[in-house]
1. Can you give me the long-range amide H partners of Leu237? Hydrogens built in the peptide plane at 1.01 Å from N, cutoff under 5 Å, separation of 5 or more residues or another chain.
2. Convert each backbone phi in region 49-62 into a coupling constant with the Karplus relation 6.51 cos²θ - 1.76 cosθ + 1.60 (shift: θ = phi - 60°), then list the ³J(HN,Hα) values in order as whole Hz, x for Gly and Pro.
3. Which percentage, to the nearest 5, of the DSSP beta bridges contained in region 163-299 is antiparallel?
4. Could you please rank Ser120, Ser7, placing first whichever residue has the fewest other Cβ atoms within 10 Å of its Cβ?
5. If neighbour count is taken as other Cβ atoms inside 10 Å, put Phe136, Phe5 in order from fewest to most.
6. For Lys153, which aspartates and glutamates qualify as cross-link partners when the Cα separation must be under 20 Å and same-chain residues fewer than eight apart are set aside?
7. Modelled label-to-label distance, Ala173 and Asn102, 7 Å Cα→beta-carbon offset: nm?
8. At a 10 Å Cβ-Cβ cut-off, how would you order His232, His207, fewest neighbours first?
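FYI, it's all coordinate maths here, none of it is from the lab. Please read all numbers here as calculations on a predicted model, not as lab measurements. Here the Cβ positions follow ideal geometry from the backbone for every residue, glycine too, while neighbour counts run over all protein chains shown.
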Amino acid sequence: MITVFGSINMDLVATAQRLPKPGETVTGQTFATAAGGKGANQALAARRAGANVRMAGAAGDDTFAGSALELLSDAGVDLTTVKTSPGATGTAVILVGEGGENMIAVIPAANGTITPDDASNALDGMTSGDILMLQFEIPVEAIEAALAGAKQKGVTSIINTAPLTQDAARISALADIIIANETEFELLIGKQGISGEERQQAMQDMHARTGQTIIITLGADGVIAMRDGQLHKAAGLKIEPVDTVGAGDTFCGYLAASLDKGLDFATALTRAAAAGSLACTKHGAQPSIPLASEVDQQV
């Protein structure tokens, strides 16, 4: 079983021909709302990938709450550990420009009410062999408590370092598997502007030092990883991206589901990379997450 402990949002998405510069106003093209939040996105991706998934987190008592949880409920994600907090549901304001590039402002709202006690509730009933997935859109104290509890229970922990915070390096050291994009990885190791060869060497050094599985997503260039002393690479699909929102979360959810299914790591990595690519071919975070049947046709 997979438990995702993380954020639940409503995404307010506008498109424009190009992203504005600071202080500039541009005319938009379209507007839509869609369920999102990195935690909820990853939970839905893992469920669509075929896993049994439980979502742990918080939604508000406002009009956005039902919509934010609708796709998760429809997909059969267990929502019994999602609490209702007075006030607003988390919100993300997203502007998408030409080629799928985006700018995002996240308002935590109910996500900011999550506590270490909620971490205990998320871990309740989990046993050795289960998977706990986390991100950094909920309070760091809750993340740290969840990772510590997972270690005590022998639960495999996966942390996605987005959005990167000042606590990410310290907290990520507690996880079994780290997933970062290339920019996040550079900030994680404190070295920016490194070459591909330098990145790979830094990843190998980090793996040798910690024993953790290290995964770095590279956008159109696929993904590289170190696990059990072996270097792995997987290519993305050749696509024309329309919206990259949610692609990383789709990758994370599919990777967790594939590992939970018992697939070997190389196959899980390839499957997750294909799913992340397909997510870029549709608009929105959760609406763009592909079904397992779509992904498995590509791998």
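1. Here Ser277 satisfy the definition.
2. 7, x, 8, 7, 10, 10, 9, 10, x, 8, 10, x, 10, 9
3. 65 percent
4. Ser120, Ser7
5. Phe136, Phe5
6. Once the sequence-local aspartates and glutamates are set aside, what remains near Lys153 is Asp117, Asp118, Asp124, Asp130, Glu141, Glu144, Asp176, Asp260.
7. That separation, rounded to one decimal, is 3.2 nm.
8. Fewest to most other Cβ atoms nearby, the residues stand as His232, His207.
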